[in-house]
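Everything on this sheet refers to the single structure shown next.
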Amino acid sequence: MPPPDENTTVDPSGTAWVVWLVIVGPGLLVAAFACVRRVGPGELVLVVRHGTVVRSRRFGLVPRTPVLESFESVPTGPRVLPLVVRARTCDGVDVIALADLTVEVHEVESGDPWVPTTDVVRRAEEVVGRQVEQLEVRALVDDLEALEERWPLELSRELPIGTEAVALDVTEVEARLTGGAA
């Protein structure tokens, strides 16, 4: 009778289950947790692949493909983003304005581009800066309340689809009224 083949022999010590329990089991568990995310209350979880939203959910579990896709969490309630706007008015005065932009994310559809919060802030600062460039310093200071009411509508047009500018509160305006030292 020929000797038994090494591949067909049974583990005489019965320790194969230990390998599965100690090495393979935790690896599969970690991979499963990395591929699924639970959506918390007041949050919208997006699955993003190459800068494009693939899936979005407001509740339940969201799956993703590791390495190819990433999770991005967005609060669905109002969120305040600080803005620092540097511009020059039409009468040539350098202005620095500090403002609080309140945004809400209503919905993000599959296929929409993913826009990080930093890009949203940059876009908002550019829009406000362009508006300041069309004003005189006197109008900027005197009509600030009217401008604060008008700017959110103009900002919403520039923000990503599904994101709305709810309010813009200018907290501080600094104008350089004199020339620099020689």
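The values are calculated or read from the model by the stated rules, or taken from the named source; none is laboratory data. None of these values were measured; they are calculated from a predicted model. Cβ coordinates were reconstructed from backbone atoms using ideal geometry, including for glycine residues, and neighbour counts include every protein chain displayed. Just the protein is used for accessible areas: all its heavy atoms, side chains included, with ligands, DNA and RNA removed. Shrake-Rupley method; radii C 1.70, N 1.55, O 1.52, S 1.80 Å.
Does V24 meet the test of being open to solvent by less than 40 Å² (accessible area, probe 1.4 Å) and over 30 Å from A175 (Cβ atoms)?
No, not satisfied.
I need the strands (runs of 3 or more DSSP E) fully contained in the range 12-119, keeping only those with at least 2 residues that are of a type in the set (A, V, I, L, M, F, W, C) and in contact with a Gly (Cβ under 6 Å, 6 or more places away or on another chain). Walk me through how you get there before you give the answer.
On the way: elements: 36-38, 43-49, 52-57, 61-63, 70-75, 79-88, 94-105.
Filter on the range 12-119 gives 79-88.
Name the pairs whose Cβ atoms lie under 7 Å apart, with the first residue in the range 96-119 and within 22 Å of V141 (Cβ to Cβ), the second among the polar types (S, T, N, Q) and surrounded by fewer than 13 Cβ atoms within 10 Å (Cβ to Cβ), and 6 or more positions between them or separate chains?
Hits for this filter: L98/T171; A99/T171; D100/T171.
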